[in-house]
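Notes follow the structure.
Since every read-out is calculated from the coordinates, none of them should be taken as a lab result. Owing to the predicted nature of the structure, the values given are computational and were not obtained by experimental measurement. Please note: Cβ atoms are built from the backbone with ideal geometry, for glycine as well, and neighbour counts cover all protein chains shown.
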Ligand SMILES: [Zn+2]
């Protein structure tokens, strides 16, 4: 094993330029997620995949390519071997928009190499990580090392807008025992991340003319033939949001994970719409007439849960909370709020790979051996494609290079860390896939 590793590390050192040049090439192909910014010439995920296939084909990977959305293909590449020791290296090819181009000191799609860094949108998130996965596989092939387990490389679209590329890949059954998602982790090893669901709550009121609102404020018991007052869904929603804040706080205090910061189980009310009449899209139909008592208010929650939590339990707990809240009000008892989970299919299962799992331990040991900076073992506060693999029973970790400007301006990846990442990933592949003697 250590002899095979020596040969692989020598192959990486012999062509350090490979991972650098490949990262530059990938950054130079703009692949902004079209869900954020659709513009001629900017949404070239397919061209990034062409460039990746060009690298993988000579390495004798079997390549499958399929579109998740029109002209937005995933690439799944397999080097055959046993399932028992199979491993996926995964990265996404889409990037977030550049933002204010004037805030950048260099061309955001120039891939310039300067001050030991490669600059441009996607350099660290995560074309550098994708290049490191490919360079690691290339070094293993060039060193003539034969793996026992299947090695797969997945390059996927649409991570930045929900991970629908990775969802497509796992739903088609492209799985393995283990996976490394090479998102930027600054050389740390990340075996845990929480789950996330977008959850819609619809609160119902009763429509009436706002002219009769005085009936709600000061009931006119003695007026014969008075109109029945309405019930204002927007006002019910304000009470709901106040109660939700207490429920959120109690969850944040109660649920903890050793690798996660305290208080991570947040429930963010992200959008709210109030108006009159139920529209076909499930939101208020009339949003331009304030002279009506609102009878529909919809709130979309960014609902986070902890790595160790089961989604079925999370749902049951929230549904019980909403039920109790509604049962305290006579109108809402009869007209309970509606809860819809996974709005627009936005759902990330949690990743909870044990700290002592061989994959976490192997990556940690190799990072300790091969990196200048000692790695930490920690959890991740946001969500990645690791979720979608974990949800299908793959054991993943997240591990990748260092850089800056992630989702901001002046994004870059550090060249030294790219080379280190390539080495650590290659060494971990040897450990987990095993080497034929
Ligand atoms: Zn990313």
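What to note about this one:
- Over every Cα atom in region 260-386, the radius of gyration and the widest Cα-Cα span, Dmax, amount to 21.3, 69 Å.
- Taking 294, 402 and counting other C-beta atoms within 10 Å, the order from fewest to most: 402, 294
- Semi-axis lengths (Å, descending) of the ellipsoid that matches the C-alpha gyration tensor of the chain: 49, 23, 18
- Region 330-416 - Rg (one decimal) and Dmax (whole number), Cα, Å: 19.5, 65
- When each of the peptides 123-131, 59-67, 189-197 is scored by how many other beta carbons lie within 10 Å of its residues on average, the order from highest to lowest is 123-131, 189-197, 59-67.
- Contact order, relative form, for region 105-194: 24 percent (alpha carbon pairs under 8 Å, 6 or more residues apart, mean separation divided by residue count).
- Taking the fewest neighbouring Cβ atoms within 10 Å as the starting point, the ordered list for 135, 437 is 437, 135.
- Listed peptides 173-183, 325-335, 346-356, 203-213 appear in the order 173-183, 346-356, 203-213, 325-335 once ranked by packing, highest mean of other Cβ atoms within 10 Å at the front.
- Whole-number Å³ per residue for the convex hull built on Cα positions in region 146-194: 128 Å³
- A Förster radius of 41 Å combined with the Cβ-Cβ distance from residue 146 to residue 47 puts the calculated FRET efficiency at roughly 0.80.
- Distance from the C-alpha centroid of region 60-120 to that of region 134-179: 12 Å, rounded to the whole angstrom.
- Average Cα contact separation per residue, the chain, under 8 Å, 6 or more apart, as relative contact order %: 25 percent
- The percentage of C-alpha pairs in region 19-159 whose separation is greater than 21 Å is 43%.
- Coarse-grained scattering of region 244-322 at q = 0.20, 0.21, 0.23 Å⁻¹, given as base-10 log I(q)/I(0) from a Debye sum over alpha-carbon atoms: -0.88, -0.93, -1.02
- Cα gyration tensor, region 367-437 - rounded (a/c under 1.5), prolate or oblate: oblate
- Residues 68, 363 arranged by fewest to most Cβ contacts within 10 Å: 68, 363
- Entry note, the chain: the mean residue ellipticity at 222 nm calculated from DSSP H runs of n ≥ 4, each adding -39500 (n - 2.57), is -10500 deg cm²/dmol after division by the residues and rounding to the nearest 500.
- Cα-based values for region 318-358, radius of gyration first and Dmax second, are 17.4, 55 Å.
- In the frame of its principal axes, region 195-347 has Cα extents of 64, 30, 22 Å, reported largest first.
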